[in-house]
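Beneath this line is the structure, given in structure tokens, with notes to follow.
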Amino acid sequence: MEVLAVDRPPAPVPTPRRALAQMLRQAESLSLLLQHSAEQLLADYVRHQGDPFSTPSFHPPAPLGLPPPPRPPGGDAERLAGLAAAYAALPGLLGSVRAQQAQLNPGAAELLRGLEAGARQARGLAGHIEAVAAELGVALPGPWVPPDAHPPANAFGAKVWGYWVCRLHRDWARRAHEDLGLLARRYPL
Amino acid sequence: MEIFVAGEQDHQTTVSVPAHPAVISPQDPTLVIGSSLTAACTVNTDSHLSAEDLYWTLNGRRLPAESYKVLNATTLSVALAHLNGSKQQSGDNLVCHSRDGGILAGSCLYVGLPPEKPVNITCWSKNMKDLTCKWAPGTEGETYLHTNYTLKYKLRWYGRDNTCQEYHTAGPYSCHIPKDLALFTPYEIWVEASNRLGVAVSDVVMLDVLDVVTTDPPADVHVSRVGDLEDQLSVRWTSPPALKDFLFQAKYQIQYRVEDSSEWKVVDDVGNQTSCRLAGLRPGTVYFVQVRCNPFGIYGSKKSGIWSDWSNPTAASTPRSERIPGVCDPKSGEQNSTLRRELKQFFGWVKKHAYGCSNLSIKLYDQWRVWLQKSHKTRNQVGSTQR
């Protein structure tokens, strides 16, 4: 008796891989939105603080107590860990800046809304990053613990502090879009 | 102590600087326009800087060295005279720099004027359910400092002060009280303006909510011909639904205009009827008509209420007799071709919009003229609210 070989159709993409690919697509889209709104937020912020905040050469010393800016990228696990640490901190920091700006610029309704929206989007992205890391089996660092609190000494200090938070928000949004885009290409749909 | 001096995204430099390399005194002062200020920048002894290494900027502009004074080895002062109002509400940025441009410390200056007494408080109640008040910020207005306005109210003979919560509902200087208002009892209402330089309180306005009632425009406004009368139109409406049981003495006003004109004529003596006949009109002419209501005399109030908005325009045309001499004589076919073009457009519109309508009536023609008028937006002006 001859045994005939049967051509079996290719196995469908396993569900977890598809779920990961979809998660990455969504996270990448959110990071693009975040990048655009973070750029706009920084521009609005410096405009409301007045010169020299909006001059291109403006570069005050970074205050203590903020998370570090993005470092040169490493492997996937390092990228995710970096993003997770930043986005654990940024929502709360943006919320604090909003509270300070409500005192300094109470009439700047658009700026205050932008800070609220930034905090909300950052929180959303934090959730996506955690889910992607869990799917990939990447262990994330614990929650960000700020060093000993150094509240701004005066109004100018509060302006500088908020400037750095908005700048970190922008820089990390750019990095998130790069990293999540890279991961999305590694795990296509 | 080491801190990160964050540069571009991929660069980091670690430098050793004191946590606060310098301190400016005074911090965040508030000043009246035209006043002078002397500020001092004292560098931390750990920073290895001296007073000679420093300079000042105000809102990004370098201040002249002639205004500086070295007070001691580590302190440089600057004298600012005749200060102008702050450039931004968050305060002017007075910054102490090291020779290389680095920012060592800053202080925000708040330069402005105390608030003026708010004036012209006017209030209205929509259908006796709420109260909205607006005011003007005083004769000068611009204080250069953020000025907060609080509207307060209390019942005249008893009760505590209440504070209005919903601001900017009818413009930047307005507030809305949505509920829990007493009728037949006067309220005292006033506005407090406050900023970093002081407080100013308006005069107190006293009012009874029933004396400042306004309502929605009259509903179901219909305009129709009066038989064959060429110079008349009949206007009918119903009283605004929310107050229809209370409007025994309400007053109404009608305004009307011809189709091609922006000039409204007002009929003032309509009284509290809900119909009126317009006379002395032009034959064969389309008219737009609006009606508004003043809920005067609610619960026996002796004061005029506040006029509602005008109703949406309603249109109708007066008839034209076919045999009026000298009026309808066609002029060498020019009027005919215009009318024909118009009718052609009209029948095209009927075919598209009046489904199953076999009886062409002059009403449809009126409706079409209204539609045509509305499609030329610049010519269709809705009457404005007068308060």
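Can you put B:181, A:34 in order of Cβ neighbours within 10 angstrom, beginning with the fewest?
Arranged by neighbour count, lowest to highest, B:181, A:34 become B:181, A:34.
Output the peptides B:281-293, B:192-204 sorted from most to least packed, where packing is the average of other Cβ atoms within 10 Å over each peptide's residues.
B:281-293, B:192-204
Which value in deg cm²/dmol, rounded to the nearest 500, describes the helix-derived mean residue ellipticity at 222 nm for chain A, given -39,500 (n - 2.57) per DSSP H run of n ≥ 4 and division by the residue count?
Dividing the helical sum by the residues of chain A leaves -24000 deg cm²/dmol.
Along the charge dipole of the protein assembly as shown, which of B:266, B:227, A:101 sits closest to the positive end, that is, farthest toward it, with unit charges on the beta carbon of Lys, Arg, Asp and Glu (+1, +1, -1, -1)?
Farthest along the dipole direction, towards plus: B:227.
Excluding residues fewer than 8 places away in the same chain, name every one of the aspartates and glutamates whose C-alpha is closer than 13 Å to that of residue B:126.
B:211, B:216, B:309
Please go through the residue pairs B:134/B:251; B:117/B:152; A:159/B:87; B:152/B:302; B:352/B:374 and name each one whose alpha carbons sit more than 19 Å apart in this structure.
Over 19 Å Cα-Cα: B:134/B:251; B:152/B:302.
Quick one: if the Förster radius is 25 Å, what FRET efficiency do residue B:168 and residue B:272 give, using the C-beta to C-beta distance and rounding to 0.05?
With a Förster radius of 25 Å, E is 0.10.
May I ask for the angle, rounded to the nearest 10°, between helix A:109-136 and the longest principal axis of chain A, with both axes built from Cα atoms and the value confined to 0 to 90°?
30
Through the Karplus equation 6.51 cos²θ - 1.76 cosθ + 1.60, θ set to phi - 60°, convert the phi angles of segment B:367-374 into ³J(HN,Hα) values in whole Hz; use x for Gly and Pro.
For segment B:367-374, the Karplus curve yields 4, 5, 4, 4, 4, 4, 5, 5 Hz.
Tilt of helix A:155-186 relative to the longest C-alpha principal axis of chain A, in degrees (0 to 90, nearest 10)?
For helix A:155-186, the angle is close to 10 degrees.
Note down the magnitude of the dipole of the protein assembly as shown about its Cα centre, charges +1 on Lys and Arg C-beta and -1 on Asp and Glu C-beta and zero elsewhere, to the nearest 20 debye.
2080
Within a 10 angstrom radius of each residue's Cβ in A:48-59, how many Cβ atoms of other chains show up on average? Whole number is fine.
5
Sorted from largest down, what three extents in whole angstroms do the Cα atoms of chain A have along their principal axes?
92, 32, 27
With charges only on Cβ, +1 for K and R and -1 for D and E, what is the dipole size of segment B:119-213 about its Cα centre, in debye, rounded to 20?
That gives segment B:119-213 a dipole magnitude of about 220 debye.
Using a basic spin-label model with each label point 7 Å from the Cα along Cα→Cβ, how many nm lie between residue A:123 and residue B:148?
Taking the simple label geometry, residue A:123 and residue B:148 are separated by 2.6 nm.
Every number here is computed from the coordinates shown, using simple stated rules; none is lab data. This one's a predicted model, so the numbers in the text were calculated from it and none came from an experiment. We place every Cβ from the backbone using ideal geometry, glycine too, and count neighbours over all the protein chains shown.
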